[in-house]
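This report concerns only the one structure given below.
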Amino acid sequence: QQPQQPPLGTPLQFPTATPALPAGAAGLWKINPHIPLFSQQPHLKRCVTMAIDKAIKEILTPVMERSATIASITTRELVLKDFALEPDEQIMRTAAHYTVQSLASSLAMVACKEPLRVSIASHLRSLLQANVSDQAQRALIEHAVQTVCTDTLDTAGALIEKTTAEKALRETDDA
């Protein structure tokens, strides 16, 4: 049995949080309870949200602009070529929507993954170092940074993917 396809015109589904609502996004970051630094100093968990928010804001605009633009141009060319003889404009529009969302989100994920990892790590490391004075606990910082990066990278990337797909869809509709 083949998986069911969504009806034509149904937009692709992505996680519902957006970076435009950082307060709502704070609940997305699941912090591993077994990280020793956060077990000993739970108040430092705030640094995780702050670091991820800074990283997303830093990476989002350039990745989103570039990915949405490339996806929009590519989609226009593909759809015009593939649907040149299609008399129904709605079918062509639906194909363009699916194509641009898929291309934009894939391009965004590829483009943001490593810069996002580096940015989260850098911001979190500097926030934790500024808030930890005990030398013994300073040794735990790198473990916390690496674990948080691994645990949150996919969710943060999904926020960027979703935002980029939405922007590309708007650009396609405007074109």
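Add +1 for every Lys or Arg and -1 for every Asp or Glu among the other residues with Cβ under 15 Å from the Cβ of E58, and state the total.
Combined, the nearby Lys, Arg, Asp and Glu give +3.
Take M92, M64, M50 and sort them by solvent-accessible surface of the protein heavy atoms, 1.4 Å probe, largest at the top.
M50, M92, M64
Over the stretch 48-143, average the accessible area per residue using a 1.4 Å probe and give it in Å², no decimals.
Solvent-accessible surface per residue comes out at 54 Å².
Where the accessible area of the stretch 40-175 is counted over protein heavy atoms with a 1.4 Å probe, how much of it, in %, is carbon and sulfur?
Result for the stretch 40-175: 57 percent of the exposed heavy-atom area is carbon or sulfur.
Magnitude of the Cβ-charge dipole of the stretch 106-175, K/R +1 and D/E -1, about the Cα centre, nearest 20 debye?
With only Lys, Arg, Asp and Glu charged at Cβ, the dipole is about 240 debye.
Can you pull the three principal axis extents for the Cα set of the stretch 58-133, in Å, largest first?
Largest first, the stretch 58-133 extends 69, 16, 14 Å along its Cα principal axes.
Is the shape of the stretch 39-86 rounded, prolate or oblate, going by the alpha carbon gyration tensor and its root eigenvalues a ≥ b ≥ c, with a/c under 1.5 for rounded and a/b larger than b/c for prolate?
prolate
Report the number of Lys pairs in the stretch 26-175 whose alpha-carbons are under 20 Å apart, with separation of 8 or more residues or on distinct chains.
So the count of such lysine pairs works out to 14.
Please name which of A68, Q137, I91 has its Cα lying farthest along the dipole of the stretch 41-139 towards the positive end, using unit charges on Cβ (Lys, Arg +1; Asp, Glu -1) and the Cα centre as origin.
Sorting the options by dipole projection puts first Q137.
Taking just the alpha carbons, could you work out the radius of gyration and Dmax for the stretch 101-175, both in angstroms?
16.7, 58
The values are calculated or read from the model by the stated rules, or taken from the named source; none is laboratory data. In this text the structure is predicted, and so the values were computed from the model without any measurement. Every residue, glycine as well, gets a Cβ built from its backbone with ideal geometry; the counts of neighbours run over all protein chains shown. Surface accessibility is based on the protein's heavy atoms, side chains included, excluding ligands, DNA and RNA. Shrake-Rupley method; radii C 1.70, N 1.55, O 1.52, S 1.80 Å.
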